[in-house]
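For reference, the structure discussed in these notes is given below.
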Amino acid sequence: MALQDTQIAFIGGGNMASAIIGGLLRQGLPAANVQVVEPWEKARARLARELGVQADAAAGPALARARLLVWAVKPQAFHEAAQPVAAHAGGALHISVAAGIRSDSIARWLASERVVRCMPNTPALVGRGMTALFARPAVSGADRALAEQVLAPTGATLWVEEEVQLDAVTALSGSGPAYVFYFIEAMAMAGEQMGLPPAQALQLAIGTFTGAAELARASSDPPQVLRERVTSKGGTTYAALTSMEQAGVARHFIEAMQAARRRAAELGDEFGRG
């Protein structure tokens, strides 16, 4: 079945759902093939106004038409949201983008083993996201292909073989954009302190991150080699990196990501009961 002929429902109509819906519409999926369950009136009005899709306040029998359900709810709201949906969505493939909620819990709540769990990140909003996916054994090859097709407009995708790896993905790429923004803030602040106008300092910081990331993506050399090429002993870059090493920046950064991984696992324990 072509994507244009697929009926897709979204449980939750926030930013991530909007990013996926917008990408699907640009790919040619008719707006009439999209339905959204979103309890907040303002969000429903925005979806109708900006994307032209139907948005309902509560789940109903119309969900039975959906071949695919995308779960884009907050982790703490998943169990409650699943209860009225389960009766109408037994034949659908379920894709969850909710952080932390394990596929065992989703399968139990929805009485379905056709569950793909994903960990996207916010650059998906501009089509430059990174999404890792895990499929339960009952998910077919055709189901995997459909999941990839649905998420393709948001950026790159990759599959992991063990679900526990999604906790590491959450710590690395799921939360990762915030780390980048944090460093951009720090670089721009340093630029201001060294006499640059704020707008120029921010432009330089963003441009540096964007360019360096693109160089790392395009190069066949690992980041270590790229770093060494711009680090002449006794030079300015060497002085900066030496200062970072003495401050334990890399060690503290890794510790911070481990904290994010632990919290991802805790979310599954905390909100996956029921």
Worksheet, complete the sentence: Lys and Arg at +1, Asp and Glu at -1: neighbours of Leu166 with Cβ under 15 Å from its Cβ sum to -1
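If we count every other residue with Cβ under 15 angstrom of Ile95's Cβ, Lys/Arg +1 and Asp/Glu -1, where does the sum land?
Values: positive: Arg67, Arg102, Arg114, Arg117, Arg136, Arg144; negative: Glu113, Asp143, Glu148, Glu163.
Residues near Ile95 contribute +2 overall.
With Cβ to Cβ distances under 12 Å as the rule, what net charge do the other residues near Met257 carry (K, R +1; D, E -1)?
+2
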Fill in: Under Karplus coefficients 6.51, -1.76 and 1.60, residue-wise ³J(HN,Hα) of segment 121-132 in Hz, glycine/proline x
9, 5, x, 4, 5, 10, x, 10, x, 10, 10, 9
Worksheet item: Stretch Asp5-Asp269 to full length: gain in nm at 0.36 nm per residue minus the Cα-Cα span?
Response: 91.3 nm
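So what is the 222 nm mean residue ellipticity for the chain from helices alone, if each DSSP H run of at least 4 adds -39500 (n - 2.57) and you divide by all residues, rounding to the nearest 500 deg cm²/dmol? Write out the running numbers ahead of the final one.
Details: 11 runs with 136 residues, N = 274.
Mean residue ellipticity at 222 nm (helix-derived): -15500 deg cm²/dmol.
Rounded to the nearest 20 Debye, what is the dipole magnitude of segment 144-265 about its Cα centre when Lys and Arg each give +1 and Asp and Glu each give -1 at the C-beta?
Values: 9 positive and 12 negative charges, 40 e Å.
With only Lys, Arg, Asp and Glu charged at Cβ, the dipole is about 200 debye.
If you take every DSSP beta bridge fully contained in segment 33-181, what fraction is antiparallel? Give it as a percent rounded to 5.
Numbers: 4 of 19 bridges.
If I count the DSSP bridges inside segment 33-181, around 20 percent turn out antiparallel.
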Worksheet, complete the sentence: What the Cα atoms of segment 1-129 span along the principal axes, largest first and in whole Å, is 34, 32, 30
Worksheet item: Remind me, what semi-axes does the chain give for its equivalent ellipsoid, largest first in whole Å, using sqrt of 5 times each Cα gyration tensor eigenvalue?
Response: 39, 21, 18
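Given segment 176-266, what whole percent of its Cα pairs are spread farther than 22 Å?
Values: 1669 of 4095 pairs.
When all Cα pairs of segment 176-266 are counted, 41 percent exceed 22 Å.
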Practice prompt. Would you calculate the separation in nanometres between label points at Asn15 and Ala250, each defined as 7 Å from the Cα along the Cα-to-beta-carbon direction?
Written response: 3.2 nm
Practice prompt. Determine the percent antiparallel among the DSSP beta bridges restricted to the chain, to the nearest 5.
Written response: 15 percent
Discussion item. Can you compute 3J(HN,Hα) from phi for each residue in segment 172-177, using the Karplus curve 6.51 cos²θ - 1.76 cosθ + 1.60 with θ = phi - 60°, rounded to whole Hz and x for Gly and Pro?
Written reply: 8, 9, x, 8, x, x
Response to the item:
Ranked output for segments 46-52, 95-101, 35-41 by mean other Cβ atoms within 10 Å, highest leading, reads 95-101, 35-41, 46-52
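Using 1/(1 + (r/R0)^6) with R0 = 51 angstrom and r between the beta carbons of Glu41 and Phe209, what's the FRET efficiency to the nearest 0.05? Working shown, then result.
On the way: r = 38 Å, r/R0 = 0.74.
Calculated transfer efficiency: 0.85.
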Item to complete: Name the residues whose placed amide hydrogens come within less than 5 Å of the amide hydrogen of Val116, ignoring near sequence neighbours (fewer than 5 apart) on the same chain.
Response: His94, Ile95, Ser96
Fill in: Gly155 long-range amide H proximity, modeled H, under 5 Å
Gly129
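Here, each number is a calculation from the coordinates, and none is a lab measurement. Please read these numbers as outputs of a predicted model, since none were measured by experiment. Glycine also receives a Cβ, built like all others from the backbone with ideal geometry; neighbour counts cover every protein chain displayed.
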